[in-house]
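Throughout, read-outs are computed from the coordinates displayed, never taken from laboratory work. None of the values given here were measured: they were computed from a predicted structure. FYI the Cβ positions are ideal-geometry reconstructions off the backbone, even for glycines, and counts take in every protein chain you see.
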Amino acid sequence: MSTEKCFAKGSAAPGPVPKDRLRLYSMRFCPFAQRTILVLNVKGIKYDTVNINLTDKPDWFLEKNPLGLVPTLETPAGEVIYESLITCDYLDEAYPEKKLLPAPPFAKAQQKMMLEHFSKVALYIYKIPKGRMKDQDVSGLEAELKEMFTRLNEHLLKTKTKFLGGDAITMIDYMLWPFFERFEMAELHHFLDDTPELKKWTEHMLEDPAVKSILYSVDAHRGFFKGYAGGNPNYDYGLEEKTN
Ligand SMILES: N[C@@H](CCC(=O)N[C@@H](CS)C(=O)NCC(=O)O)C(=O)O
């Protein structure tokens, strides 16, 4: 697509998905969409991106995904796939060249169970800073987050591996990473000082080319979050001075 700017209600629908690529409906600051982008990029899959205004969604987007959520994928055949974990599993199966999920059924199940345990991390990056902004008591949420960090740290201590699923980066790492990218924005990154193995994991993640290539600065995350937390998200944050 020729623009990164978001499509809102009333906008003309983009044309059909070109034959040689997939299409990702996204929002530039969505951590769930970032999961799908990481998998697309790691596998070198060609795709274009259509960003959606999530407070004023186009009808044509809601027709594709009645849940109205990004990420949503569309194939040239018009097949639509949504929910971040489902899109990533789909990509891993449809583009098997560089598998991200382990082949043995038990190892695969272990990664999925781990995600069930730790997906809640998504809540804290928004709830805690929003609560702090409103002078609410967030100590309970902070304690839950610390407990989650401790469990992840214990897992890494036990496995003695660089990444969560072994010494090579795999699906579980990419599925959790987008939330960790936002901890500094949420002023929660100092919690990692008490969980050194997990901190080392974040350092290894930051060396990964796919992670590095789509990393937003803390300032960009803060800039977007300010509008989002104030009930007025600017989905085109940072594009104002850019010519598309
Ligand atoms: N369970 C979904 C969550 C995705 C999600 O919450 N996306 C947000 C943007 S970060 C969204 O589309 N929000 C629009 C809405 O809630 O109406 C997934 O894993 O894909």
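Please express the shape of the chain as an equivalent ellipsoid: the semi-axes are the square roots of 5 times the eigenvalues of the C-alpha gyration tensor, given largest first in whole angstrom.
Numbers: eigenvalues 173, 118, 45 Å².
Sorted largest first and rounded, they come to 29, 24, 15 Å.
Which FRET efficiency value, to the nearest 0.05, do you get for residue 77 and residue 98 by plugging their Cβ-Cβ distance into 1/(1 + (r/R0)^6) with R0 = 25 Å? All intermediate terms of the calculation are to be shown ahead of the outcome.
Numbers: r = 23 Å, r/R0 = 0.91.
Calculated value: 0.65.
Between residue 187 and residue 109, what is 0.36 nm times their sequence separation minus the Cα-Cα distance? Round to one decimal in nm.
Length gained, residue 187 through residue 109: 24.8 nm.
Could you give the alpha-carbon Rg of the stretch 149-214 over 2.2 N^0.38 Å, rounded to two decimals? Write down the numbers at each step before the final one.
On the way: Rg = 11.2 Å, N = 66, 2.2 N^0.38 = 10.8 Å.
The value comes to 1.04.
Once you wrap a convex hull around the alpha carbon atoms of the stretch 67-118, what is its projected area averaged over all directions, in nm²?
Values: hull surface 18.5 nm².
Reported value for the Cα convex hull: 4.6 nm².
Between residue 212 and residue 157, what is 0.36 nm times their sequence separation minus the Cα-Cα distance? Round to one decimal in nm.
Numbers: separation 55, 0.36 × 55 = 19.80 nm, distance 2.52 nm.
Extending this stretch completely gives an extra 17.3 nm.
Hey, got the Cα dimensions of the stretch 105-213 along the principal axes, in Å, largest first?
Per principal axis, max minus min of the Cα coordinates gives 45, 29, 22 Å.
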